[in-house]
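J.: Sharing a structure below in structure tokens format, with a few things to ask.
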Amino acid sequence: MKAEIEDTYAEAFEGIYCRLIVTADDEETLRKAAEKATATPSIVIGRVEAGIEKWLMPEETPDGRKGALLQFWGGIDPNKPFSNSLKKFEIELSYRIRQDILVRPFTAVFDALPNPEGKLDMMERVGHCGDGYEWIENRYGREMIIVPIMVPDFQIERTLGYARGVMGANFWIMCTTKEALKTAGEKALASIHKVEGVITPFDICSAGSKPETRYPWIGPTTNHPYCPSLRSRLGEKSQVPEEVGYIPEIVINGVSIENVKKAMRAGIESILDVNGVIRISAGNYEGKLGKYKLWLKEILPE
């Protein structure tokens, strides 16, 4: 029996993103750099979030080594000039590059964004890690900053492109068992990651949130009507079906609304027949969060 598709929508919003290639001499160093640089999905607390779009073979990278294609995302404050959000994004991005990639032996960073809206100069906040001894050199047909470090040397392309894309698209998987949660979550992620231009910053997320909160200094707090453990306590205010014990969320960021819709469709279609998945829903905030409304029944027409 196929899972029911609820007549609701996922709400998404506009964000800034960079698309980067990271390379390294060996697979272990590459994996650690890519995973640690993208490990903390923190846009909800005003930082950057990121994800691994895909792993690359040597023939797909500028320097002929194995690589990872990463996306880094930042929020846009609608109440301030775009330049404010862009500067904050640049600062936060530099932290991730410096602390998670530069410190790993023989890593390099390249721009991978075609047709960017603009460019960020990496000299001020990454290049100057060389304390004035850094230099610029043409390598691999690109203008590279060479940062001298004790295991020589870190390389990063002088400018990294940025553009605006779609953040926060999502769907919820209402499950009756832990086994259904694990199976459905893994199948959804595998299908989504076949779609170009998207990431899943939280992968299988256990904590959907809501915009209103009693504790604003924390940021978004639990979406309490959908917490199974609060069903009896909330009574009629609970939105959790009686047989549902688990509601994981899959969040998707993508370079365009078309890519995001394609990824949502792929993820949902892959789990409709999973035993123990009874309903697919989505998180929205009555239009308060963002300009995009992704109706599930339009994405998956019957």
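J.: Is one or more of the residues making up segment 20-35 assigned to a loop (DSSP other than H, G, I, E, B), among the small types (G, A, S) and touching a Leu at 6+ places or on another chain (Cβ under 8 Å)? Break it down stepwise before answering.
T.: To start, the set of residues in segment 20-35 that are assigned to a loop (DSSP other than H, G, I, E, B) comprises 24-26.
Checking which are among the small types (G, A, S) leaves us with 24.
Okay, now just the ones that are also touching a Leu at 6+ places or on another chain (Cβ under 8 Å), so 24.
Yes, the conditions are met somewhere in segment 20-35.
J.: I've got another one for you. Taking T159, is it in contact with a strand residue (DSSP E or B) (Cβ under 9 Å, 6 or more places away or on another chain), among the β-branched types (V, I, T) and not assigned by TED's automatic domain parsing to the domain that holds P248? Let's see the steps before the verdict.
T.: On the way: in contact with a strand residue (DSSP E or B) (Cβ under 9 Å, 6 or more places away or on another chain): yes; among the β-branched types (V, I, T): yes; not assigned by TED's automatic domain parsing to the domain that holds P248: yes.
Against the criterion (in contact with a strand residue (DSSP E or B) (Cβ under 9 Å, 6 or more places away or on another chain), among the β-branched types (V, I, T) and not assigned by TED's automatic domain parsing to the domain that holds P248), T159 qualifies.
J.: Follow-up. State whether the residues of segment 215-229 include one that is in contact (Cβ under 8 Å) with a residue 40 or more places away in the chain, crowded, with 20+ Cβ neighbours inside 10 Å and farther than 30 Å from S94 by Cα. Outline the logic, then answer.
T.: Narrowing segment 215-229 to residues in contact (Cβ under 8 Å) with a residue 40 or more places away in the chain: 219-220, 223, 226.
Next, only the ones that are crowded, with 20+ Cβ neighbours inside 10 Å stay: 226.
Next, from what is left, pick out any that are farther than 30 Å from S94 by Cα: 226.
Yes: one or more hits.
J.: What pairs come out if I take residues in segment 261-289 that are buried (at least 21 other Cβ atoms within 10 Å of the Cβ) and modelled with pLDDT of 95 or more and pair them with residues that are assigned to a loop (DSSP other than H, G, I, E, B) and hydrophobic (A, V, I, L, M, F, W, C) whose C-beta lies under 6 Å away, six or more apart or interchain?
T.: From segment 261-289, the pairs are A263/V195; I268/L300; V277/A3; V277/I271; I280/A3.
J.: While we're here: Scan G141, G168, G132 and give me the residue that is out of contact with any Ser or Thr (no Cβ under 6 Å at 6 or more places or on another chain), surrounded by 15 or more Cβ atoms within 10 Å (Cβ to Cβ) and not hydrophobic (A, V, I, L, M, F, W, C).
T.: Values: G141 fails: surrounded by 15 or more Cβ atoms within 10 Å (Cβ to Cβ); G132 fails: surrounded by 15 or more Cβ atoms within 10 Å (Cβ to Cβ).
Residue meeting the stated conditions: G168.
J.: With the condition kept exactly as written, say whether any residue in segment 246-259 is within 28 Å of E35 (Cβ to Cβ), buried (at least 18 other Cβ atoms within 10 Å of the Cβ), of a type in the set (G, A, S) and assigned by TED's automatic domain parsing to the domain that holds A169.
T.: Yes: segment 246-259 contains one or more residues that are within 28 Å of E35 (Cβ to Cβ), buried (at least 18 other Cβ atoms within 10 Å of the Cβ), of a type in the set (G, A, S) and assigned by TED's automatic domain parsing to the domain that holds A169.
J.: Check A68, A50, A33 and return the single one that is touching a Pro at 6+ places or on another chain (Cβ under 7 Å) and at pLDDT 95 or above.
T.: Exactly one residue qualifies, and that residue is A50.
The values are calculated or read from the model by the stated rules, or taken from the named source; none is laboratory data. What you are looking at is a predicted structure, and each value in this text was computed from that prediction instead of being measured. In this analysis, Cβ positions are derived from the backbone assuming ideal geometry, glycine residues included, and neighbour counts consider all displayed protein chains.
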